[in-house]
Amino acid sequence: MSFVIEESFVKGKSLTSLCEDGWVATPDYVVVIDGATSKSDYRIDGVTTGRKAMEIISDEVQRLPSGISASEFVNIINERIIRYYKTNHILDLVERFPETRLTASVAVYCHSRNEVWLIGDCQCKVGECCFKNNKKIDSILSELRSFVLCSALRDGSSIKELQKRDIGREFIYPMLKRQYLWQNNLDDNSEYRYIVLDGFPVDYALIRIIPVGDRSVVLATDGYFDLYGTLQETEQALCLQIETDPLCIGIGCDKNNKSTKGVLPGNCSFDDRTYVRVSCF
């Protein structure tokens, strides 16, 4: 079997900050990377922790041996991130304050194994089937944010006012920071725990592995609510969503599309986004 990259696209949500998304391809891997939105003001080499995580993972993917398993992929990436912590003398800091870690989610197409791996909350479309890997805590907080903002709209606030000051985001922000208690948590089986690439051990059972066969594959970050068979269709759906519901609280064309953040004034979307479509044959 062979594969070809049919189309790809990366776009940041803002013109004033570096995009934390990216993608990289080798003869055996296509990897879409979503650097996590930072919940602290901590910066490394002048960039956000999500951006630095994306850069490190992009670099390491290009050195990967062919045919490794999903768990081996995680181990190699995490070892590289740990080396970065040690080299920059911040291992103690990131152990004590998880919000300062270099954190990312990925969607990986492994050609030799003919599989897609979802590690964290990226997403994919294999053939006609879409697969998401959302964190339960994000779903809960998205609903809570929606309730706060919908209540404010009913009480007379305007959408533009709430874009300028997102009181829903303010309300859930302390809980967004508390989610780090569950990041790569190996101590219990809680429904709130989730995995990411941040240099620390993960529960391999939470890696989602999807067989591909000879079907087409779309890999994407969670900067899209829905995935379609082409970039144009996917972009059109996102643009309609943003046009009808810039707060991303489920009052537009799809009431299920809610987020922990909306479109800030001057931004083009609620999040950075990456889309890569691969044909396997």
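Read-outs throughout are calculated quantities, based only on the coordinates presented, and are distinct from any laboratory measurement. This one's a predicted model, so the numbers in the text were calculated from it and none came from an experiment. Positions of Cβ are generated from backbone atoms using ideal geometry, with glycine treated the same way; all protein chains shown enter the neighbour counts.
Structure values in brief
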{"quantity": "Mean-position separation - Cα centroids, segment 154-178 and segment 1-39, in angstrom", "calculated": "29 Å"}
{"quantity": "Fraction of alpha-carbon pairs over 26 Å apart in the chain - percent", "calculated": "42 percent"}
{"quantity": "Full-stretch length increase - residue 254, residue 71 - with 0.36 nm per residue and alpha-carbon distance subtracted", "calculated": "62.3 nm"}
{"quantity": "Most mobile of 176, 197, 102 in a GNM of the chain (Cα contacts under 10 Å)", "calculated": "176"}
{"quantity": "Distance from segment 100-131 to segment 221-281 (C-alpha centre basis), Å", "calculated": "18 Å"}
{"quantity": "At 1.002 mPa s and 20 °C, Stokes diffusion of segment 192-264 via Kirkwood alpha-carbon radius, µm² per second", "calculated": "144 µm²/s"}
{"quantity": "Listed residue (108, 225, 50) projecting farthest to the positive dipole end of the chain, Cβ model", "calculated": "50"}
{"quantity": "Total charge dipole magnitude, segment 66-111, about the Cα centre, Cβ charges on Lys, Arg, Asp, Glu only, Debye to nearest 20", "calculated": "100 debye"}
{"quantity": "Choice from 232, 123, 183 with maximal GNM fluctuation in the chain (Cα, 10 Å cutoff)", "calculated": "232"}
{"quantity": "Fully extended contour minus Cα-Cα distance, from residue 177 to residue 130, at 0.36 nm per residue", "calculated": "14.0 nm"}
{"quantity": "Gyration tensor (alpha-carbon) shape descriptor, segment 174-223, a/c threshold 1.5", "calculated": "prolate"}
{"quantity": "Label-zone membership for segment 252-266, site residue 37, 7 angstrom Cα→C-beta point, backbone N under 16 Å", "calculated": "257-266"}
{"quantity": "Extension gain, residue 26 back to residue 59 (0.36 nm per residue minus Cα-Cα distance, nm)", "calculated": "10.8 nm"}
{"quantity": "For segment 106-221, the spread of Cα positions along each principal axis, largest first, Å", "calculated": "56, 36, 20"}
{"quantity": "Spacing of the two label points (7 Å from each Cα toward its C-beta) at residue 189 and residue 6, in nm", "calculated": "4.1 nm"}
{"quantity": "Choice from 262, 22, 120 with maximal GNM fluctuation in the chain (Cα, 10 Å cutoff)", "calculated": "262"}
